Amino acid sequence: MLLPIVLTVNGAAVRVMPGTTVAAAVLLAGSTTRTSVRGEIRGPLCGMGICFECRVTIDGVPHQRSCQVLCTPRMQVATS
Amino acid sequence: MSSGWDVVIIGAGIVGTSCALECAARGLRTAVIDPAGVGSGATAAGMGHIVVMDDSPAQLALTRWSQVLWRDLAAKLPPEAEYEARGTLWVATDEEDLAEVRRKQRGYAAAGVATEVLDSMALAEAEPELQRGLAGALLVPSDGIVYPPCAAEHLLLEASRLGAKMLEPQRVIAAKRGCVRLKNGGKLMTRHIVNACGAEATELMPELPIRKRRGHLVITDRYPGFVHHQLVELGYIRSAHSVTTDSVAFNVQPRQTGQLLIGSSREYGAEDATINYPLLQAMVQRAQMYLPAIRNLQAIRMWTGFRAATPDKLPLIGPWPDDDSLILATGHEGLGITTSLATGKLVAAALTGEKPVIVPEPYLPARFAQGLTATEVLRA
């Protein structure tokens, strides 16, 4: 039986099932992803790694495409 | 209106739009024409580094004047033009470079440009991401950064306010003796024609001593604070001077958005816009030598552009002796953004007979007039 994973999005704990993308976890946390140069909020658009709108910082590494990364336990996700 | 213009400027890059503003400001009936609209050629491809360069006294005079003009313009530029007086750090790797730093400093001082020599420790403090153990650097605080397409748009807008007209995009197929012929069959009659077509200038005037010199640039995602100044290796000058081989030099620029522009490369004989991957790789490796952590950053785009190179490294600004109506404003190689503002003033001065702030002779196209080869000019 699969056990849920707990990670944090902007410091708040989020519980997801294994195989969940970081993009999904960010949406579950009620957050958007990157912020444009002019300060507009952005969210996942294509969901397949092309549009780069879903970028977030994962464990301190900026500009990761959240739709292309699966959640792992204790992962720390930050949106801008 | 169709009965004639005082001046038709071909090319709406930063040089053409600067010429338009200066001509319109002097009351000349001015038209600008470009097949692709404002700021679409090398203006959009270049880095936008406003830099004082000292290869020759003439280059120093032109770039210094231009730098002052940019600083005066800065307050009027819209935020999209992203002007910032970041300063340039000419990075020295060894003692030989440091001697060059001190030579450079004396030359700049003589031209009224204040600079500061940074030793190895001061350089590491100013730019912590730089490789440790570099010898030092020359800081030129008055150098700047701009986003050229938006600056060109601003110049054109100001020119329009003064009465200049941007014509419908249309390719020019011939321009001489006061007549500009368009691809759509149209014809413009004018007292003067300004060829401000950059590296494409030879399409209308094959006799011009201009060669395309291709360059590559890479832009990264946003990493604010990674570097703080425009960083250029002193060897850049050696790279820029080599006229026979392809070359790369370390040249990294922080954009206001936090993005980094990574350059630079120089190639002759490459006439299309494709990427030369081995050269691009050498360019990025050169950047990694100076900024090791740059390998962790994400690049998002790369592209090429064409510099208009002349045999003597100086632009062609002024009348073309074979045709009374023709004025040139091209051949700026890698300094077109910097020297665009001074070019506009020199062109307007040539048209009105006024005396420009600097002596125009070193840039006059007459030095390449018929019968004189480039080698002879260089020897003269």
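Taking residues in region B:104-129 that are part of a loop (DSSP other than H, G, I, E, B), and partners anywhere that are among the hydroxyl-bearing types (Ser, Thr, Tyr) and surrounded by 14 or more Cβ atoms within 10 Å (Cβ to Cβ), the pairs with Cβ atoms closer than 6 Å and at least 6 places apart or on different chains are B:THR115/B:TYR108.
Determine whether B:VAL91 is surrounded by 23 or more Cβ atoms within 10 Å (Cβ to Cβ), assigned to a strand (DSSP E or B) and not charged (D, E, K, R).
Judged against the criteria, B:VAL91 is a match.
Among the residues of region A:15-28, the ones that are aliphatic (A, V, I, L, M), in contact (Cβ under 8 Å) with a residue 40 or more places away in the chain and not in a helix (DSSP H, G or I) come to 1 in all. So, in region A:32-80, of the ones that are free of Cβ contacts under 8 Å to residues at least 40 places away in the same chain and more than 14 Å from chain B (Cβ to nearest Cβ), which residue ends up surrounded by the fewest Cβ atoms within 10 Å (Cβ to Cβ)? The extreme case among them is A:MET48.
Restricting attention to region B:28-67 and to residues that are among the hydroxyl-bearing types (Ser, Thr, Tyr) and closer than 16 Å to B:ALA201 by Cα, the residue that is modelled with the lowest pLDDT turns out to be B:SER40.
Taken over region B:304-326, the criterion of being within 20 Å of the chain's Cα centre (by Cα) and among the charged types (D, E, K, R) is satisfied by B:ARG307, B:ASP312, B:LYS313. Each residue in region B:15-51 was checked for being touching a helix residue (DSSP H, G or I) at 6+ places or on another chain (Cβ under 6 Å) and either of a type in the set (Ser, Thr, Tyr) or closer than 23 Å to B:LYS355 by Cα (or both), and 12 pass.
Within region B:166-186, none of the residues are farther than 11 Å from B:ILE33 by Cβ and touching a Gly at 6+ places or on another chain (Cβ under 8 Å). Among residues that are over 14 Å from the mean Cα position of the chain (by Cα) and part of a loop (DSSP other than H, G, I, E, B), B:GLY39 is not included.
Checking region B:270-283 against the condition returns no match, with no residue being at pLDDT 95 or above and under 16 Å from B:LEU134 (Cβ atoms). Pairs are defined by a Cβ separation below 8 Å, a sequence spacing of at least 6 or placement on different chains, a first member in region B:192-221 that is within 14 Å of another protein chain (Cβ to nearest Cβ), and a second member that is assigned to a loop (DSSP other than H, G, I, E, B) and of a type outside the set (D, E, K, R); the pairs so defined are B:THR220/B:LEU297; B:THR220/B:GLN298; B:ASP221/B:LEU297; B:ASP221/B:GLN298.
State the number of residues belonging to region B:111-162 that are at positive phi and among the hydroxyl-bearing types (Ser, Thr, Tyr).
Within region B:111-162, residues that are at positive phi and among the hydroxyl-bearing types (Ser, Thr, Tyr) number 0.
As a summary of the residue check, B:ALA299 satisfies the conditions (1) within 25 Å of A:ARG55 (Cβ to Cβ); (2) without any contact (Cβ under 8 Å) to a residue 24 or more places away in the chain except for the one numbered (2).
The values are calculated or read from the model by the stated rules, or taken from the named source; none is laboratory data. These figures come from a predicted structure and were not determined experimentally. Virtual Cβ from ideal backbone geometry, glycine too; neighbours counted across all protein chains shown.
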